[in-house]
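A quick write-up on the structure given underneath.
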Amino acid sequence: MFTKVSLTTLCVAVLFVGAWLPVQFTADLPVGRAQEKDLGVIKLQLRTLSAEVPKADKVQHKSKEDVEIQVLATNSSSDPVFLVQSSWFVNYLPELSRSGELMPYSKAMQKRLVESRRMEKDLANPNAIVRDSPSVTKLPPNEQRQSARIFLSTYYDKLEPGVYLLKVQYRQPNGTKIESDTVMFEIVP
């Protein structure tokens, strides 16, 4: 049996009680199946950032630096749209290439992705009990907001000097995906 709850109730119950809750996201929540159809109105843009404050675009990074990526989401519809980020599911997947060759994820990230895929299968079961503390980014109509910050060291081993192309895919466990634009940056010795 599923319980209809508000997002606040869900987050409070999971954060403070730490309980396993049988939850089905309903139309009352800005998440789940009620929002899947709306994701096509979202456009993702990437910026590579400097470590300095205030943050500025940066296209050249030293090999010892961690490359920080800002993911900006724009809602092109006339209604608010919500991006849901799970605490266990890998919502943002970068695709990084150098000289036309796709860079492999680190072993730690590969292990996390295997676990994420296992959880996806669990979610396909309508009787699954899932423990999650989702965060939600509300995208007002025709506005741009930061939806994520990604540090490439989370996904990749040390990047060797060279010119890289990067795009990011936002995805949900149900298979819904949005792909970003592509940015170019350089790693220098």
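The values are calculated or read from the model by the stated rules, or taken from the named source; none is laboratory data. Computed from a predicted structure; not experimentally measured. Here Cβ is always computed from backbone atoms with ideal geometry, including for glycine, and neighbour counts include all displayed protein chains.
Table for the structure above
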item	result
Odd one out for ILE187 among (1) at pLDDT 90 or above; (2) within 19 Å of VAL71 (Cβ to Cβ); (3) surrounded by 12 or more Cβ atoms within 10 Å (Cβ to Cβ)	(2)
All positions within the range 104-141 that are modelled with pLDDT of 90 or more, of a type outside the set (A, V, I, L, M) and either surrounded by 14 or more Cβ atoms within 10 Å (Cβ to Cβ) or part of a loop (DSSP other than H, G, I, E, B) (or both)	PRO104, TYR105, SER106, PRO140, PRO141
Conditions (1) at pLDDT below 80; (2) closer than 21 Å to PRO134 by Cβ; number of the one not met by LYS55	(2)
Extreme residue, farthest from the chain's Cα centre (by Cα), among residues of the range 142-163 that are within 12 Å of ASP66 (Cβ to Cβ) and not in a loop (DSSP other than H, G, I, E, B)	SER153
Residue, nearest to LEU39 (Cα to Cα), within the range 56-103, restricted to residues that are among the acidic types (Asp, Glu), touching a strand residue (DSSP E or B) at 6+ places or on another chain (Cβ under 7 Å) and surrounded by 14 or more Cβ atoms within 10 Å (Cβ to Cβ)	GLU95
Every residue from the range 164-184 that is assigned to a strand (DSSP E or B) and surrounded by 14 or more Cβ atoms within 10 Å (Cβ to Cβ)	TYR164, LEU165, LEU166, LYS167, VAL168, GLN169, TYR170, ARG171, ILE178, GLU179, SER180, VAL183
Verdict on LYS167 being modelled with pLDDT under 90 and at negative phi	no
